[in-house]
Amino acid sequence: MAVIVALGAFLMTLAGGWTAQRVTDRRHLVLGLAGGLMLGVVGLDLLPESLEAAGRPVFGVPLALLLFVGGFLVAHVVERLLAVRQAAHGAPGGRNGGDGADGGEGVVGRAPQVGMTAAAAMVGHSLADGVALGAAFQVGGGMGTAVALAVVTHDFADGFNTYTLTRLYGNARKRALLMLFADAAAPVVGAASTVLFTLPEEPLGAYLSFFAGGLLYLAAAEILPEAHHRHPALSTLMCTVGGVAGIWLVVGLAG
């Protein structure tokens with residue numbers, strides 16, 4: 001049953017990526033929605049779940065929060081180091097131009113490796129989703145159904161964000177589609193793996209905390225500023241709020 005549900009997540013992920021690439025003439029709306037979805041996933045889904053799973057304190061602070069801050073800082077450091085390295089090799093500066101998220105308006109000053117790293121983290125998150133799905137069905141049907149609803153519905157956001165992140169940093173469409181398919185397949189692989197083993201709760205929670213920090217950095221420092229850079233419109237802001245509200249609805253229904 002877990003693998004069958006994961007196949008549904010596979011289709012939802014592809015649907016999210018397809019949506020992201022079809023609305024290229026509304027790039028600012030795509031980025032605004034992606035930022036809202038990422039913010040909602042971090043604050044309303046990943047962080048609460050990781051606090052429950054990896055909540056023991058380290059020097060007075062829950063481990064999950066330490067890893068969350070660590071993930072944010074690592075994403076910031078990696079992005080800055082890659083940007084400095086790119087500048088040292090003579091890459092042009094500026095925010096616009098080149099092959100970006102819409103195939104015509106991109107961001108030249110950003111390193112494509114950041115987009116690939118972020119997309120790879122999304123794949124890892126989807127793999128963990130599949131493992132959690134398989135483990136939930138091992139616990140019982142009610143738990144499995146709740147987790148299945150959460151995984152299948154928010155994998156649309158995962159596919160949307162995976163494609164958007166990869167293209168935003170100037171990667172070719174072929175690479176973006178490759179990462180999208182990897183993200184779609186990851187829940188199926190994760191669910192199937194639970195036939196052989198189950199990932200302990202604490203390491204899973206630790207991973208989710210660290211991933212949430214990195215995702216928040218990309219949403220707050222990269223995607224949302226880019227969304228409003230040339231289109232500071234109310235419609236962009238509403239897409240961001242709508243993305244957060246959509247994840248809240250998903251979490252509420254799953255709970």
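Find how many whole Å separate the alpha carbon centroid of the range 9-65 from the alpha carbon centroid of the range 206-255. If you average the Cα positions of each part, the centres end up 7 Å apart. Among the chymotrypsin sites (Phe, Trp or Tyr not before Pro) in the range 6-64, which ones are in a DSSP loop with at most 13 other Cβ atoms within 10 Å of the Cβ? Mind listing them? Those satisfying the criteria are 59.
Every number here is computed from the coordinates shown, using simple stated rules; none is lab data. Fair warning: this is a prediction, and the values are worked out from it, not measured in the lab. Neighbour counts are summed over all protein chains in view; Cβ atoms, including those assigned to glycine, are modelled from backbone coordinates with ideal geometry.
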